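Asks: My questions will all concern the structure given below.
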């Protein structure tokens, strides 16, 4: 049923409901009419063939009652199938909406090479699509094997650096595996070193940073399938976007420095 056309299936269900309703009404009317005849024949007593006719009508009534019970059972089955169809339709609509959100998020991540803008887009994805209220973004340093704090949202006091391999955040950066706490719904942000989730940002097997989440929005009680898909997106696409923007920014700075050096040489007297 999940593969049928939604509009066609809905129309078929409606037609089936209509026919079931009409048949049920007819059966109820016929049942009432026959019951009235049986009662009248029973009260007539000595009419020739009255008892035999009454028995025939009683059999007919029982037959109609059985058919009515069968129709009611079929009606309930169709009603259950209709509910299943409606739930499936809502699920498909939600999946389509999620896919659209994933596409928009992916497009935004790769729409710029400005490092600060890419980090800001990652923050918006974590806030608006995942529903995190307090979180921190750490990036692996260029010169030391440490995670350096790049951005924070909703919580102060995060350490400027976290050694790779130490604590929940550092361990996730070292092994490259997502971390999820058993309980994720809290009234206030958890301590910085006790996040409810840590998402490593990876390019293949290399971790370039992590997102540490310490509180979800109040209406969000758990991570959904959509959240895990977004975590996969962040692990790959966000990492690539951040790494590319970082390389571009570094190249731009070197180019500017080199151009300034060349300009200085040009201005010196021969």
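Throughout, read-outs are computed from the coordinates displayed, never taken from laboratory work. Bear in mind that the values here come from a model prediction, so they are computed numbers and not experimental data. Every residue, glycine as well, gets a Cβ built from its backbone with ideal geometry; the counts of neighbours run over all protein chains shown.
Asks: So if R0 is 22 Å, what FRET efficiency would residue 144 and residue 251 give, r being the distance between their Cβ atoms, rounded to the nearest 0.05?
Replies: 0.55
Asks: When a/c is below 1.5 the answer is rounded, else prolate if a/b is larger than b/c, else oblate, so apply that to the stretch 87-156 with a ≥ b ≥ c taken from the square roots of the Cα gyration tensor eigenvalues. Let's see the in-between values first.
Replies: On the way: a/c = 2.95, a/b = 1.97, b/c = 1.50.
Taking the square roots of the gyration eigenvalues as a ≥ b ≥ c, the stretch 87-156 is prolate.
Asks: Something else about it: How would the stretch 136-235 be classified by its alpha-carbon gyration tensor: rounded, prolate or oblate, with rounded meaning a/c under 1.5 and the a/b versus b/c comparison settling the rest?
Replies: Values: a/c = 2.01, a/b = 1.33, b/c = 1.50.
Oblate, since a/c reaches 1.5 and b/c is not below a/b.
Asks: What FRET efficiency comes out for residue 90 versus residue 183 if R0 is 22 angstrom and r is the Cβ-Cβ distance? Round to the nearest 0.05. Kindly include the intermediate steps, with their values, before the conclusion.
Replies: On the way: r = 28 Å, r/R0 = 1.28.
The calculated FRET efficiency here is 0.20.
Asks: Taking a ≥ b ≥ c as the square roots of the eigenvalues of the Cα gyration tensor of the stretch 178-229, is the shape rounded (a/c under 1.5), prolate (a/b larger than b/c) or oblate? Don't skip to the answer; put the middle values down first.
Replies: Details: a/c = 2.76, a/b = 1.58, b/c = 1.75.
Oblate shape, in that a/c is at least 1.5 and b/c is the bigger or equal ratio.
Asks: If each residue of separation counts as 0.36 nm, what is the full-extension length gain between residue 166 and residue 77 once their alpha-carbon separation is subtracted? Could you put the intermediate results ahead of the total?
Replies: Working: separation 89, 0.36 × 89 = 32.04 nm, distance 5.73 nm.
Stretched fully, the residue 166-residue 77 segment lengthens by 26.3 nm.
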